[in-house]
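What follows is a single structure, written as structure tokens, with notes after it.
The values are calculated or read from the model by the stated rules, or taken from the named source; none is laboratory data. All values reported here derive from a predicted model rather than from experimental measurement. With ideal geometry, Cβ positions are generated from the backbone for all residues, glycine too; neighbour counts draw on all protein chains shown. When the accessible area is computed, the model is the full protein with side chains, heavy atoms only, and any ligands, DNA or RNA have been set aside. Shrake-Rupley method; radii C 1.70, N 1.55, O 1.52, S 1.80 Å.
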Amino acid sequence: AWVKTTDTSGAIIAWGPDGVPGAGWTLLTESAGRLRLEVGGGAVVGITNICDNQWHHIAAVLDNDGTPNVNEAVLYVDGTPEIPTSQGDRTIDTGHGTVCVGVSNPSASAPLFFRGLIDDVRIYDRALSPGEIAELAR
């Protein structure tokens, strides 16, 4: 997706059910303005501030090796892989599907809404290569 925001607590895209360990995915901005992928209790956090009111291409890639874990996910900002600042170990379920753009699970007691612009959201049924991510960011 492409995002432009100053929001440091908004859900960009979410999918899967809440309350099921490893099944609820949320790609969001976090307090330091960095990109964060949360998956049912585990998380990977990037290093680049994307909440600077500039357009940024963002991506999260998981190459499912048969035993997917959130610490295997790779975040990208503007075509460059992020070196995560923190990780939480959590086995994840890649098979759940309700997708929400601009909000975490809307049926949650306190859904996170994204304040900003989102464009060209895509979900692929395979892991994109670093070169493919870089091309999308161009």
- Can you name every residue in the range 96-123 that is at pLDDT 80 or above, open to solvent by less than 60 Å² (accessible area, probe 1.4 Å) and either closer than 18 Å to T8 by Cα or in a strand (DSSP E or B) (or both)? C100, G102, V103, S104, P111, F114, G116, I118
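Would the range 47-64 turn up any residue that is aliphatic (A, V, I, L, M) and in contact with a His (Cβ under 8 Å, 6 or more places away or on another chain)?
yes
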